[in-house]
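Have a look at the structure below, then the notes.
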Amino acid sequence: MTDSAQPGTAEAPREAATHCPYCALQCGMTLHHAEGRVEVRPRQFPTNRGGLCQKGWTAAELLDHPERLTTPLLRDPASGELRPASWDAALTRITDGIRDIQTRHGRDAVAVFGGGGLTNEKAYALGKFARVALGTRNIDYNGRFCMSSAAAAGIRAFGIDRGLPFPLADLGRADTLLLVGANPAETMPPLMRYLTEQRDAGGELIVIDPRVTATARAATRHLQPLPGTDLAVANALLHIALTEGWVDHDYVAARTTGFDAVRRVVAGYWPALVERLTGVPVADLEATARALGTAGRVVILTARGAEQHAKGVDTVTGYVNLALALGLPGRPGSGYGCLTGQGNGQGGREHGQKADQLPGYRRIDDPAAREHVAGVWGVPADDLPGPGVSAYELLDALGTPDGPKALLVLGSNPVVSAPRATRIEARLRSLDLLVVSDFVLSETAAIADVVLPTAQWAEEDGTMTNLEGRVLRRRALREPPPGVRTDLAVLTELAERLGSPGRFSADPRTVFDELRRASAGGPADYAGVTWERVDAQDGVFWPCPSVDRPDTPRLFADRFPTPDGRARFHPVEHRPAAEEVCPDYPLYLTTGRVLAQYQSGAQTRRIAPLRTAAPGVFVELHPDLADRLGIADGDELRVTSRRGELLAPARLTPTIRPDTVFAPFHWAGTARANSLTNDALDPTSRMPEFKVCAVRVEKAGPVVTADGTEKVG
C-alpha cells in the first residue's frame, strides 16, 4: 500500500475494480483508497480467481514512490544534467526538434518505440501518431522481443494470432498438458492453480526446459534439452506419433493442408538421433509422445524459452505441427496456445504500433486495409507511410547516417531489455533527440534529452487484452498527481503543435470507439466490443464484429481463418543456435525471469519487498561445472560473450545442465544480462536470439569502486 493524499486531508473512501499492471494474466484486483492510502485487495475474476502474486500485492507502492516523476525534465546543454522544466518548455523542445530533424533528414528521421504494457488505446494512438502526425514508417515496440515468433507461427498455420484460442480454464481440464519453455510458477504464479487442478484430476503435466524450474518441479515429467534444441524435440515427438499410429488422419485430411511434406521431414528425426542432438533420453521422448498421443484432452503451450531464438518461428511451428497432427486445435478442451508475456502483449500487437501493421491486425501494405484505416483517420491513404523495420533493426540504426536521428519512447526501457544492450545504449546516446515518457527515471530515461512524467495504471481508464484474447477494463482510482499527464494527452498536444491532419483525443473512451471502427473487419475485430459490454461480461473475447453478436472465447471450432478454412502444416528442420560454443566461449548462457522482478526491473526494483526477495543478479551454474572452474557459491563471476560482460555472484545448483549457465535479465549496468545476448534475428519474426549464446565464465578480477578503491571479487 502507499500514501496518496496530502497530510491532514480527508477523503471519502473509494474503490476501483481493475487489473494488475504486470503480466498478461491480467489478474483482477480492487484498489481501495481511504485515509490517504491505496490498498490492493484480491478480486474474483475468471483468470486469477482471487489470487495475486507478490508483484500484484505490492503494485500500489509505486503510485507515490519517492522516485516518482512529477515534472518534465530537460537536459541542460551546459551541464549535461537533466533539470526540471515546464510542460510548455518540454513540448516546445520536442516539436522544435522534430521539425528541425525532419526538415533536414526527412520524415523517417524521427522514430517511435512503444511497449507491450500500453493500453489498447495508447498503442492505437501511438501508431496513429507515428503515421499521421509524424508521417514516419519507423515505429516498432518491445513486444517484438516477446511474442513475435509465436505470432508469426500462428498466422502462417492458423491464419490468426491469438495467444490462447480457448479460455484459460481449459488448462485445468487437460488430461495431458505440455509446457515448452514456460515457467509460470515464477512468471505468472496465479496460473499455477490451473496446473494444480490439472494434476489433482489425474492429468499429466510435462515441462520442457533446460533448467529444473519451480514449474518443472511440479511436473510429472521434465525434459531437460540443450538450449536451442526444442525444435528437434518437437520433430521427434511427431516422428514417434506417426510410428505408433497416434496421428489423427481423419482430422488431418478434413481440416489441414501440407502434412505430407512434414511427414517426410520428421521421418529423419529418430529418437536416438534426437537424444544425441538434445540430451533428452529416448525413453522420455517416447513417454511424452505416448502421453500426448493417447490422452483424451491435450493442450500444448509454448513460451519465451522456445520462442526467443533465431529459429523461434520454426520451433513454434514444430509444436503447432504436432498439435495439428494429433487433431487438437478447435477440439473442446484441447489445442495449441502460447503464454503471452507482457500485460498487453496481445492487444499491444493488434492495433498499430508494429512496424508492418495497422489497427485490427491489418497489414500496412494491404491497399484495402490502408483505405479503410485512412478513412477512419480522415487522411488520404497515399499519405500513410509503408512498413518500417523491426525493433532491433530500428534501435541498431539510431544515429547512423541513414537511420533515425530522433526517437520517442513510451512504455519501454531498451537500455536494459534490448539484446546486445551495450551497442543499443550507444545508439540511443548518439541521437540528436531522445524523448522518454515514463513515471520513474528508467535507465533509458536517464540518458534522454526530454523526460515526460506520465500517469500510472491506477490513474487512467482504458482497456487491455489478456493472454486469452479477453478485452478487459482498466479503471482509474484517482487523478494523476499535479504536473503529471497521460500519454494520450501528451500525444494529442504534440499532434496539435505539429499541425497534424486528422483528429486526436486525450479521452480514452473516445479513442477506444475510434479503435473499434478502425479494427472493424480486420482479423482482430473489436467493432462489437464496448466498455459497457466488457463490464457486463467480465471481458469480451475478440473477434467480436458486432454488438448484436456473441464474442469468441474459442476459435477454430468449424474452420480456420484462412482462405480455404484449413490450417497449414509447414515442414521445419532443426538447425544449431546462431552461436555455438567453442574453446574461447565453451558454455551456453540462457536468460529469464525471477518471481519477484518483472521485465527490465524499472518498476519492481523500486519496491522494497520485491527488492528484498530478489536483490540482484546472479549466475546459476551446476556444481560439477563450478568444481571444474574452481568456483565456490557466492564467488563474484565475470561472464563474457563476444558482445560484452556481466558481473554477478555465483549460485550453485544441480537444477541446471552442466554445460549451461543462467542469468536473470532484470538489472542494469555491470549486472545487465543483455550485454551478453545475441542480436541474431529470426528471418520471419525478427526476434533476437535472447535464449542462447556462447560465453565463458571465470572469477572476477579486481573491481574499482566509485570512490576509487579496489574491491576484489
So for segment 456-464 (the condition being in contact (Cβ under 8 Å) with a residue 40 or more places away in the chain, touching a Gly at 6+ places or on another chain (Cβ under 7 Å), among the hydrophobic types (A, V, I, L, M, F, W, C) and under 20 Å from Val132 (Cα atoms)), does at least one residue qualify? no
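Assess whether His622 counts as being free of Cβ contacts under 8 Å to residues at least 60 places away in the same chain, under 30 Å from Ala232 (Cα atoms) and in contact with a Lys or Arg (Cβ under 7 Å, 6 or more places away or on another chain). Steps first, answer last, please.
On the way: free of Cβ contacts under 8 Å to residues at least 60 places away in the same chain: yes; under 30 Å from Ala232 (Cα atoms): yes; in contact with a Lys or Arg (Cβ under 7 Å, 6 or more places away or on another chain): yes.
Spelling it out, His622 is indeed free of Cβ contacts under 8 Å to residues at least 60 places away in the same chain, under 30 Å from Ala232 (Cα atoms) and in contact with a Lys or Arg (Cβ under 7 Å, 6 or more places away or on another chain).
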Which one is nearest to Gly202 (Cα to Cα) among residues in segment 269-294 that are part of a loop (DSSP other than H, G, I, E, B) and open to solvent by less than 30 Å² (accessible area, probe 1.4 Å)? Val280
Residue under evaluation Glu573, criteria (1) out of contact with any Phe, Trp or Tyr (no Cβ under 8 Å at 6 or more places or on another chain); (2) within 30 Å of Val471 (Cα to Cα), criterion not met: (2)
Every residue in segment 65-80 that is over 30 Å from Pro609 (Cβ atoms) and in contact with a strand residue (DSSP E or B) (Cβ under 7 Å, 6 or more places away or on another chain), please. Pro72, Leu74, Arg75, Asp76
Would you call Val373 modelled with pLDDT of 95 or more, open to solvent by less than 20 Å² (accessible area, probe 1.4 Å) and of a type in the set (Val, Ile, Thr)? yes
Return a yes/no flag: does segment 562-569 have any residue that is surrounded by 12 or more Cβ atoms within 10 Å (Cβ to Cβ), among the polar types (S, T, N, Q) and in a loop (DSSP other than H, G, I, E, B). yes
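Filter segment 545-559 down to residues that are over 19 Å from Leu168 (Cβ atoms) and not polar (S, T, N, Q) and give me whichever is surrounded by the most Cβ atoms within 10 Å (Cβ to Cβ).
Start the filter on segment 545-559 by keeping residues that are over 19 Å from Leu168 (Cβ atoms), which leaves 545-549, 558-559.
Still in the running and not polar (S, T, N, Q): 545, 547-549, 558-559.
Values: Pro545: 18, Val547: 12, Asp548: 6, Arg549: 11, Asp558: 8, Arg559: 14.
Ranking the qualifying residues of segment 545-559, first place goes to Pro545.
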List pairs: first residue in segment 652-670 and open to solvent by 10 Å² or more (accessible area, probe 1.4 Å), second residue β-branched (Val, Ile, Thr) and in a helix (DSSP H, G or I) anywhere in the structure, Cβ distance under 8 angstrom, at least six positions apart or on different chains. Phe665/Val416; Trp667/Val416; Ala668/Val415; Ala668/Val416
Could you count how many residues in segment 120-135 are open to solvent by 10 Å² or more (accessible area, probe 1.4 Å) and in contact with a strand residue (DSSP E or B) (Cβ under 8 Å, 6 or more places away or on another chain)? 1
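Check whether at least one residue in segment 536-544 is in a loop (DSSP other than H, G, I, E, B), surrounded by fewer than 17 Cβ atoms within 10 Å (Cβ to Cβ) and at pLDDT 95 or above, and report yes or no.
Residues of segment 536-544 that are in a loop (DSSP other than H, G, I, E, B), as a first pass: 538-539, 542-544.
If we keep only those that are surrounded by fewer than 17 Cβ atoms within 10 Å (Cβ to Cβ) as well, we get 538.
Okay, now just the ones that are also at pLDDT 95 or above, so none.
There is no residue in segment 536-544 that is in a loop (DSSP other than H, G, I, E, B), surrounded by fewer than 17 Cβ atoms within 10 Å (Cβ to Cβ) and at pLDDT 95 or above.
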Only strands (runs of 3 or more DSSP E) wholly contained in segment 68-181 count here; list those with 1 or more residues that are over 17 Å from Val436 (Cα atoms). 176-180
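Touching a Gly at 6+ places or on another chain (Cβ under 6 Å), within 19 Å of Ile101 (Cβ to Cβ) and aliphatic (A, V, I, L, M): which single residue out of Leu410, Leu434 fits that description? Working first, answer last.
On the way: Leu434 fails: touching a Gly at 6+ places or on another chain (Cβ under 6 Å).
Exactly one of Leu410, Leu434 is touching a Gly at 6+ places or on another chain (Cβ under 6 Å), within 19 Å of Ile101 (Cβ to Cβ) and aliphatic (A, V, I, L, M), namely Leu410.
Of all residues in segment 144-157, which are crowded, with 24+ Cβ neighbours inside 10 Å and more than 18 Å from the chain's Cα centre (by Cα)? Please lay out each step first, then the result.
Taking segment 144-157 as the starting set, the residues that turn out to be crowded, with 24+ Cβ neighbours inside 10 Å are 144-151, 153, 157.
The answer is Ala157, and nothing else.
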Verdict on Thr95 being modelled with pLDDT of 95 or more and open to solvent by 10 Å² or more (accessible area, probe 1.4 Å): no
Anything in segment 651-669 that is under 26 Å from Leu223 (Cβ atoms) and not in a loop (DSSP other than H, G, I, E, B)? List them, or say none. Arg651, Leu652, Ile656, Thr660, Val661, Phe662, Ala663, Pro664
Restricting to segment 342-359, give me the number of residues that are open to solvent by 10 Å² or more (accessible area, probe 1.4 Å) and touching a residue at least 60 places away in the same chain (Cβ under 8 Å). 2
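Condition test on Val490, is it within 15 Å of Pro72 (Cα to Cα) and open to solvent by less than 20 Å² (accessible area, probe 1.4 Å)? Steps first, please.
Details: within 15 Å of Pro72 (Cα to Cα): yes; open to solvent by less than 20 Å² (accessible area, probe 1.4 Å): yes.
So Val490 fits the description; yes.
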Quick check on segment 435-455. Is at least one of its residues touching a residue at least 60 places away in the same chain (Cβ under 8 Å), open to solvent by 20 Å² or more (accessible area, probe 1.4 Å), in a strand (DSSP E or B) and more than 15 Å from Thr71 (Cβ to Cβ)? no
Does segment 628-644 contain at least one residue that is part of a strand (DSSP E or B), of a type in the set (A, V, I, L, M), farther than 22 Å from Lys311 by Cα and touching a residue at least 60 places away in the same chain (Cβ under 8 Å)? yes
Has segment 483-505 got any residue that is free of Cβ contacts under 8 Å to residues at least 24 places away in the same chain, charged (D, E, K, R) and not in a helix (DSSP H, G or I)? no
In the set Gly80, Gly106, Gly117, which member is touching a helix residue (DSSP H, G or I) at 6+ places or on another chain (Cβ under 8 Å), of a type in the set (Gly, Ala, Ser) and open to solvent by 20 Å² or more (accessible area, probe 1.4 Å)? Gly117
Considering only helices (runs of 4 or more DSSP H) wholly within segment 205-264, the ones with at least 3 residues that are at negative phi and open to solvent by 10 Å² or more (accessible area, probe 1.4 Å) are 230-244, 249-255
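For every residue, the table says whether it meets (1) within 30 Å of the chain's Cα centre (by Cα); (2) small (Gly, Ala, Ser); (3) within 29 Å of Gly159 (Cβ to Cβ).
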| position | (1), (2), (3) |
| --- | --- |
| Ala234 | yes, yes, yes |
| Ala241 | no, yes, yes |
| His249 | no, no, yes |
| Val252 | no, no, yes |
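The values are calculated or read from the model by the stated rules, or taken from the named source; none is laboratory data. Computed from a prediction, not measured in an experiment: that's the story for all the values here. Positions of Cβ are backbone-derived with ideal geometry, glycine not excepted, and every protein chain shown enters the neighbour counts. These accessible areas exclude ligands, DNA and RNA; they are computed on the full protein's heavy atoms, side chains included. Shrake-Rupley method; radii C 1.70, N 1.55, O 1.52, S 1.80 Å.
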